[in-house]
Structures are given as C-alpha cells and as structure tokens.
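A short write-up of the structure that comes next.
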Amino acid sequence: MTGASELSYEVIVIGAGVAGIYQIKRLVDLGARATVLEAAGDLGGTWYNNRYPGSRFDSESYTYGYSFSKELLDEWHWKEKFSGQPENLRYLNHVVDKFGLREHMQFNCRVEAAHFDEANNLWRLKVSDGRELTCRFVILTLGLLSIPTLPRIEGMDDFTGRSFHTFDWPREPVPLAGKKVGIIGTGATAIQVIGEIADKVGALTVFQRRPNWCAPLNNSRISEAEMADIRSRYDEIFATCARTPGGFEHEPDRRGFHEVPREERLAMWDRLYDEPGFGIWLGNFREIFTDEEANAEFSDYIADRIRQRVDDPAVAEKLIPRDHGFGVQRVPLETNYLEAYNRDNVRLVDINETPIERVTETGIRTSEQDYDFDIIVYATGFDAITGAHDHIDIRGVGGERLRDRWRDSPSTFLGMFVHGFPNLLMPNGPQSGSASTNYPRGIEIGVNWCTELLEHMWARGITRAEATRAAEDRWTAHVTKMYSRMLMRKAKSWFTGYNSNVEGHEAGKVRYFVYNGGTPKYVAVINEVAEAGYEGLVLTKGPAAGLEKPAAADRVAG
Ligand code: NAP
C-alpha cells in the first residue's frame with residue numbers, strides 16, 4: 001500500500017478525450033506531477049470511439065477546436081465546415097503530439113474505484129491493470145456520452161450476423177455493399193448513419209420508436225482561402241462563441257417572436273433552413289425554447305419541410321414528431337436523412353404500430369413479420385452525463401458512494417464539486433456549463449477554472465477543497481429552477497435524464513443534468529466565486545498538509 005507521503009501523482013485526470021487532453025496540457029505547463037488514465041486503447045474519447053459512418057461535428061469545425069494556442073490555430077486546416085470523425089481524431093492526436101502530452105497519458109487503464117482516504121487526505125484509485133495509485137486531486141473528464149446503452153430485447157445474443165452499438169462500430173471497415181442492415185433508433189447518431197449508408201447497403205430497415213425533429217447540416221468543404229479568412233477572424237469567432245448562450249457562432253434572434261410579423265418569421269426560417277449548422281435552432285427566436293405557441297408554430301413549419309422532402313405522405317407523417325416540439329430535445333443535423341426514405345431499398349418500421357417482439361438468429365421479429373439481416377445496428381444512445389461516474393466506484397468522506405448520492409439526480413456546486421467528495425474536480429461535470437454548449441468552449445472554461453483553483457491552492461499550501469452542503473444545495477436549486485422555464489423539461493431526452501434502457505432512468509422523472517443559463521451567465525457566476533476567494537468551497541490545509549513539498553513554483557507536489 002502506498003504511504004501518504006508517497007503520492008503516486010499530485011493529480012490524476014480520468015479520461016483522455018477533448019477535456020482530458022486540455023486538462024493535462026494545463027497541468028503539464030504548470031509542472032504538476034500529473035497523469036491521465038484512459039480506459040480505451042488511445043486518446044480521443046468520443047472521437048476515438050464513435051467510428052460509425054457519418055460520424056461528424058454538428059459544431060462548425062473551427063469553433064470546436066481548442067482556442068488556447070495561436071500556433072495551433074494558425075497551422076491547422078479544417079477541411080470541412082462540419083468535420084468528420086477521422087479528421088477530428090487526427091486533430092486531437094496532432095494536438096497531443098505537438099504539445100508532447102502523450103507521455104503523460106496511460107491507456108487501457110480503466111479506473112475501477114476511487115476512494116477518498118480521509119485520514120491522509122488523498123485519493124486511492126484502483127486501476128484495471130491491478131495497480132493502486134494515490135493522488136491528492138482527481139479530475140474527472142469522463143465524457144457526457146461515453147457509456148453506450150443497448151436495448152433490453154429478448155434474443156439479442158441469438159443473432160448470428162454482426163451486431164453492434166454505434167459506439168462500438170468496428171475499427172476495421174465493415175463491408176456494407178449488398179448487405180441487409182437493420183438499425184434501431186432515430187436519434188442524432190442514427191440520423192447520421194442512415195443518411196450516410198442508405199445508398200451503400202443492399203437494404204436498410206429503420207426501426208423507429210419516436211421520430212426526432214431534425215434539420216439540414218448544409219455541410220461544405222473549406223478551401224485554403226476560406227481557412228485563411230477563418231484564421232484571421234479567430235479572435236472574433238471565439239469572442240462570439242463566448243457571448244452566445246450555446247458557445248456557438250449562432251446568436252438567438254432577440255426580437256420578440258410575437259412582435260415580428262408572420263411573413264417575416266417565415267422568411268427568416270426559410271433562410272435559416274438553408275444555412276449551415278445550428279442556426280435553425282440556436283439562431284431562432286428565444287421563445288422557441290419557452291413558449292408553447294411559438295414552438296408549435298415553428299414545429300408546424302418544420303413538419304411542412306418534412307412533407308416537402310419525403311415522397312410518400314404516409315412515411316412523412318411517421319417522421320413528424322407528435323410528442324414534443326422542435327428543439328426541446330437536442331436537434332440532430334442531417335445530410336440526406338429524409339431523402340433516404342425516398343429510396344426503394346429503405347424501409348421505415350414504426351415499432352409503436354408493430355412492436356419488436358424479439359431478435360432472432362436471422363434478424364428481428366415484429367408483431368407483423370420477421371426481418372432478415374446481415375447486420376443489426378443499435379443506435380440506442382447513452383447512459384448520459386452521470387453514467388460514466390456511476391461506472392466507477394467513487395466513494396467520498398465516510399465511504400459515501402457518489403452513485404448513491406446521485407441516484408435520483410445529480411447535485412453539485414457549479415457542476416464542478418460535490419460536498420463530501422473533497423479534491424474531486426469535474427471541469428465538465430453534470431450541471432456545469434459544458435453539457436448544453438458547444439462542448440470544447442465549455443470545457444476550456446471549466447478546465448481553466450479548475451486549474452486556477454489548483455494554482456491558488458498550491459501557492460498557499462492548501463491541500464483540501466470541498467464544497468459546502470449549502471453551496472451545493474443553492475446551485476442545484478438554481479439549476480433545477482431554470483428547468484421550470486424551459487419546454488425541454490417535459491421532453492424524453494438525455495437532457496432530462498431519460499433512457500428507457502437504464503433502470504430507474506425511464507420516462508417520468510426529470511434528472512437535472514444540465515445548466516440552462518448559457519455560457520455568459522455561467523462564466524460570470526464561476527468568476528464571481530473565484531474572485532470572492534472561492535466562496536462555497538472550504539479550502540484547508542488538510543491532515544496531510546506539510547507532507548507535500550511544493551517545488552519551485554510552489555505548485556508541484558511529489
Ligand atoms: P439518443 O438521442 O438517445 O437516441 C437513441 C435512439 O434510440 C432514440 O431514437 C430512441 O428512441 C431509440 N431507442 C433507445 N432504446 C430503444 C429501444 N429499446 N427500442 C427502440 N428504440 C430505442 O442517442 P444518440 O442518437 O446516440 O444521440 C445522443 C447524443 O449524442 C445526441 O443528442 C448528441 O448530443 C450526441 N451526438 C452528437 C453528434 C454530433 O455532434 N454530430 C452526433 C451523434 C450524437 P426514443 O426516443 O423513443 O427513446
């Protein structure tokens with residue numbers, strides 16, 4: 001057993017995705033003795049795992065990349081407005097190699113447990129390779145959507161063809177030509193897969209439970225000249241992202257929905273529908289998110305767009321959501337998705353009409369018929385936001401389990417701390433600013449804040465940070481209250497913690513997963529907290545203070 005005075009590391013970061021990469025960069029720059037433990041075989045998180053056809057950004061590529069290095073911005077050429085998974089993974093590898101971060105990462109290291117040792121004020125981690133590691137601080141950069149969930153359908157193991165969740169789409173190419181493919185799910189992932197493979201497979205059958213509102217991505221190539229222009233505007237682009245609620249270039253139209261004449265509204269929607277990216281969602285009137293009447297009118301507009309693009313009126317009607325309005329669930333952006341249903345080799349099966357009974361050796365049986373497949377794709381989503389936390393046995397003061405504390409819904413201080421779990425930091429945790437924003441923009445904010453807190457502590461010989469119960473309760477109440485203003489509180493979506501495949505997460509109980517106040521407000525709050533000397537956190541010289549010998553910059557402990 002490692003002694004208290006022999007910490008394996010000062011900081012252990014868990015997860016080498018977009019957040020973990022930036023977090024370790026900041027720590028390495030400070031000279032901190034830190035490492036990243038990553039369960040997968042390599043870095044990249046989402047972009048390492050999600051290799052399904054069609055996997056790409058819904059964020060404009062140049063707003064998704066890191067903003068911290070001018071040199072990096074100047075040398076990287078995004079090839080597409082909404083870049084695909086292979087390029088995104090290349091980008092992350094480029095960043096890691098450029099800044100020499102790979103040597104600070106350990107792969108195939110799943111953290112199974114993290115227990116707080118109160119007497120020695122340190123964390124003890126159990127890693128899947130058998131090691132026990134100790135550290136002062138644990139930083140969780142686990143990913144919001146990193147635990148895939150399969151449906152609970154009888155006979156799934158009986159299928160003799162190939163089947164996989166989209167998250168586990170094989171690394172080697174999957175031959176699709178001439179194949180009979182079945183796909184379950186019509187979320188953002190399925191919508192990308194379907195649009196991409198419809199013209200490459202022999203036959204495609206889509207099993208839909210609830211349709212999703214979606215809108216065109218309108219992707220395009222980025223030429224050298226356009227990239228040069230983007231580079232010259234990076235400061236402006238990031239400044240725009242910083243002032244918009246979602247961290248995107250798209251700014252809401254701040255005119256009142258009801259004050260703008262209907263013809264003008266329609267003209268604006270026609271324009272937004274043809275524009276690239278989330279403008280149709282985030283550049284729309286703000287009432288779309290809060291006002292039933294405004295939302296219904298806009299949803300009708302999009303329903304008509306579906307009717308225009310889908311040839312068979314019966315299929316078009318099936319693709320129009322009836323249980324929620326546009327934008328109250330995360331809007332998938334699509335390329336050729338609706339047109340896929342105009343193809344002879346694509347069939348839509350509404351499983352409300354003809355429920356799936358079981359998976360068979362050869363395919364899927366519904367109440368109506370047996371479908372034979374070579375491949376079954378489960379595009380059935382994730383145990384979102386808290387799933388990755390639940391998968392690690394995290395125990396705080398008195399052995400309390402985080403997963404027990406969060407059984408009904410997470411509670412946090414700023415999305416970054418949990419009372420009773422000292423020195424456990426979550427730059428992009430539940431209820432932080434990251435989940436509902438252009439993710440890297442939110443990540444940089446959280447990572448910077450957490451890093452500055454550590455600098456503050458190291459400079460003062462402080463070794464323990466814990467949120468007060470009162471501060472946590474206040475923040476969680478604030479996050480909860482904000483849901484009451486949003487139409488999305490009623491949606492069956494991962495923003496409300498819904499997942500029919502995870503016990504206890506079925507519809508009917510809202511989990512307060514995301515902060516809905518937008519980036520500028522979030523930044524104002526966390527900056528205020530820092531300026532007030534980290535009000536809401538108790539910063540102390542914990543029991544083990546003094547064992548740490550701060551190095552030159554008073555930052556590095558060993
Ligand atoms: P999702 O939005 O949760 O969709 C899962 C789909 O599977 C839903 O259509 C769901 O139907 C269906 N489903 C689940 N269990 C089922 C069952 N037992 N039987 C039948 N159908 C079932 O998951 P996702 O599509 O993977 O997307 C998750 C999130 O990942 C997105 O919202 C987005 O934030 C992110 N994402 C981003 C991008 C991007 O940036 N371009 C791309 C893909 C995903 P119900 O709705 O009826 O439950």
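The values are calculated or read from the model by the stated rules, or taken from the named source; none is laboratory data. A quick note: this is a predicted structure, and the numbers were derived from the prediction, not measured. Ideal geometry is used to build each Cβ from the backbone, glycine not excepted, and the neighbour counts take in all protein chains shown. Please note that ligands, DNA and RNA were not included when accessible areas were found on the heavy atoms of the full protein model with its side chains. Shrake-Rupley method; radii C 1.70, N 1.55, O 1.52, S 1.80 Å.
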Inset, instruction - Would you point out which residue out of 65, 31 is open to solvent by less than 10 Å² (accessible area, probe 1.4 Å) and in contact (Cβ under 8 Å) with a residue 12 or more places away in the chain? - result: 65
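Conditions tested, residue by residue: (1) in a loop (DSSP other than H, G, I, E, B); (2) away from the ligand (no atom under 13 Å from the Cβ); (3) within 19 Å of residue 84 (Cα to Cα).
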{"position": "137", "(1), (2), (3)": "no, yes, no"}
{"position": "146", "(1), (2), (3)": "yes, no, yes"}
{"position": "152", "(1), (2), (3)": "yes, no, no"}
{"position": "218", "(1), (2), (3)": "yes, yes, yes"}
Inset, instruction - With respect to residue 42, determine if the residue is closer than 30 Å to residue 195 by Cβ, acidic (Asp, Glu) and open to solvent by 30 Å² or more (accessible area, probe 1.4 Å). - result: yes
Inset, instruction - Name every residue in the stretch 450-486 that is part of a helix (DSSP H, G or I), of a type in the set (A, V, I, L, M) and buried (at least 19 other Cβ atoms within 10 Å of the Cβ), in order of residue number. - result: 453, 454, 457, 471, 479
Inset, instruction - Spot the failing condition for residue 197; the list is (1) more than 25 Å from the chain's Cα centre (by Cα); (2) under 25 Å from residue 161 (Cβ atoms); (3) surrounded by 16 or more Cβ atoms within 10 Å (Cβ to Cβ), and only one is missed. - result: (1)
Inset, instruction - Could you please find all residues in the stretch 84-120 being hydrophobic (A, V, I, L, M, F, W, C) and either out of contact with any helix residue (DSSP H, G or I) (no Cβ under 8 Å at 6 or more places or on another chain) or farther than 29 Å from residue 69 by Cβ (or both)? - result: 107, 109, 111, 113, 114, 116, 119
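Restricting to helices (runs of 4 or more DSSP H) lying wholly in the stretch 246-317: which have 2 or more residues that are open to solvent by 50 Å² or more (accessible area, probe 1.4 Å), within 29 Å of residue 221 (Cβ to Cβ) and among the aromatic types (Phe, Trp, Tyr)?
Answer list for the stretch 246-317: none.
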Legend entry - For residue 374: the one exception among (1) open to solvent by less than 30 Å² (accessible area, probe 1.4 Å); (2) closer than 24 Å to residue 200 by Cβ; (3) touching a strand residue (DSSP E or B) at 6+ places or on another chain (Cβ under 6 Å); (4) of a type outside the set (Gly, Ala, Ser): (1)
Inset, instruction - Kindly indicate whether residue 99 is touching a residue at least 40 places away in the same chain (Cβ under 8 Å), away from the ligand (no atom under 16 Å from the Cβ) and farther than 19 Å from residue 389 by Cα. - result: yes
Inset, instruction - Return the only residue of 432, 409 being touching a helix residue (DSSP H, G or I) at 6+ places or on another chain (Cβ under 7 Å), at pLDDT 95 or above and among the hydroxyl-bearing types (Ser, Thr, Tyr). - result: 432
Inset, instruction - Can you run down the residue pairs with Cβ atoms below 7 Å, 6 or more apart or on separate chains, where the first is in the stretch 41-58 and farther than 21 Å from residue 218 by Cβ and the partner is near the ligand (Cβ under 9 Å from one of its atoms) and part of a loop (DSSP other than H, G, I, E, B)? - result: 46/145
Inset, instruction - Determine the pairs where a residue that is farther than 26 Å from residue 81 by Cα, located within the stretch 252-277, has a partner that is assigned to a loop (DSSP other than H, G, I, E, B) and of a type outside the set (D, E, K, R) with Cβ atoms under 9 Å apart, the partner being 6 or more residues away or on another chain. - result: 257/284
Legend entry - Count - residues of the stretch 154-174 that are under 30 Å from residue 416 (Cα atoms) and either away from the ligand (no atom under 16 Å from the Cβ) or open to solvent by 70 Å² or more (accessible area, probe 1.4 Å) (or both): 1
Inset, instruction - Identify all residues within the stretch 175-193 that are within 11 Å of the ligand (Cβ to nearest atom) and either assigned to a helix (DSSP H, G or I) or open to solvent by 20 Å² or more (accessible area, probe 1.4 Å) (or both); write none if there are none. - result: 187, 188, 189, 190, 191, 192, 193
Legend entry - the stretch 1-28 residues that are within 18 Å of residue 136 (Cβ to Cβ), paired with ones that are in a helix (DSSP H, G or I) and modelled with pLDDT under 95 (beta carbon under 6 Å, 6 or more apart): none
Inset, instruction - Restrict the check to the stretch 122-143 and report whether at least one residue is open to solvent by 20 Å² or more (accessible area, probe 1.4 Å) and closer than 30 Å to residue 493 by Cβ. - result: yes
Legend entry - Search result, residues across the stretch 66-96 that are of a type outside the set (Lys, Arg), away from the ligand (no atom under 12 Å from the Cβ) and closer than 21 Å to residue 275 by Cα: 78, 80
Inset, instruction - Kindly establish whether residue 163 is under 26 Å from the mean Cα position of the chain (by Cα), assigned to a strand (DSSP E or B) and of a type outside the set (A, V, I, L, M, F, W, C). - result: yes
Legend entry - Selection count, the stretch 377-413, where residues are open to solvent by 10 Å² or more (accessible area, probe 1.4 Å), within 16 Å of the ligand (Cβ to nearest atom) and of a type outside the set (A, V, I, L, M, F, W, C): 3
Inset, instruction - Restrict the check to the stretch 340-350 and report whether at least one residue is of a type in the set (S, T, N, Q), within 14 Å of the ligand (Cβ to nearest atom), surrounded by fewer than 21 Cβ atoms within 10 Å (Cβ to Cβ) and farther than 30 Å from residue 406 by Cα. - result: no
